[in-house]
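What follows is a set of notes on a single structure, which appears directly below.
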Ligand SMILES: Nc1ncnc2c1ncn2[C@@H]1O[C@H](COP(=O)(O)OP(=O)(O)O)[C@@H](O)[C@H]1O
Ligand SMILES: [Mg+2]
């Protein structure tokens, strides 16, 4: 008797194999392999200059891979344009936030959904969901993005990314420059987004907080992955803590 699905391995949502990325003549990423399963929070840790943002940009097609493969939902994406990659279901909250300072909060959110080519009125229910997540943005909906505080701009960058309805959200140091109270809030929101079915690849300097919410983590050092494990394993490994997590 043939049992359906027996022995068939489920494909990871995101799978990177032996990724090498250069800036000019300088090799930045040295054969990186990692994966994110459906519904997971995975964090990517490492000190400044380790190559975390370069990994994110490679996934997003903003920097071309020199060699290796990036697969998303079983499809090769390392040869696609950045717009095609967003359309495939990957959105980003970039390190620099990059909101549009002259556009209103609401217009910034609308732009996040551009790949769906929906009419503005049809986007309204989704925008209301973002406002439920961030009531502060609703209060400021008509204000120019550039007049928001750092924390509010981070909320807007997250809201805009969610407007694309991603299967995978890449977040590059979302807690950077925020007060401790806001950092807590952002981490709560990350978990809330994840519970609603979005997988998250989270780059963080704040290793402790990231590992406390992530199922698994990878540690990057000068372009090479040097450690990998569950959140618990990485948090409780003396060796990893002293060598890579700055303790
Ligand atoms: N546009 C660029 N051109 C040349 N080198 C770069 C560029 N961006 C980053 N780098 C270099 O690549 C390395 C990795 O940077 P990055 O991925 O930003 O690290 P991280 O995000 O972990 O701090 C660093 O040595 C950095 O100086
Ligand atoms: Mg970075």
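Please treat every number below as a calculation from the coordinates, not as lab data. Bear in mind that the values here come from a model prediction, so they are computed numbers and not experimental data. As a convention, Cβ positions derive from the backbone with ideal geometry for all residues, glycine included, and neighbour counts pool all protein chains shown.
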Report summary line: Using the Kirkwood formula on alpha carbons, the hydrodynamic radius of segment 98-165 in angstrom works out to 11.5 Å
Query raised in the report: If you count the DSSP beta bridges with both ends in the chain, what percent of them are antiparallel, to the nearest 5?
Result: 55 percent
Query - Alpha-carbon radius of gyration plus Dmax, which is the widest Cα pair, for segment 149-223 in Å - result: 12.2, 34
Query - Efficiency of FRET from Cβ geometry, residue 26 and residue 115, R₀ 41 Å, rounded to 0.05 - result: 0.80
Query - For segment 42-141, projected area of the alpha-carbon convex hull averaged over all directions, nm² - result: 8.4 nm²
Report task. Work out how far the C-alpha atoms of the chain reach from end to end along every principal axis, then list the three figures in whole Å, largest first. Result -> 52, 49, 45
Report task. For segment 98-247, calculate the relative contact order in percent as a whole number, restricting contacts to Cα pairs under 8 Å that are 6 or more residues apart. Result -> 19 percent
Report summary line: Whole-Å distance linking the alpha carbon centroid of segment 114-130 with that of segment 191-224 is 28 Å
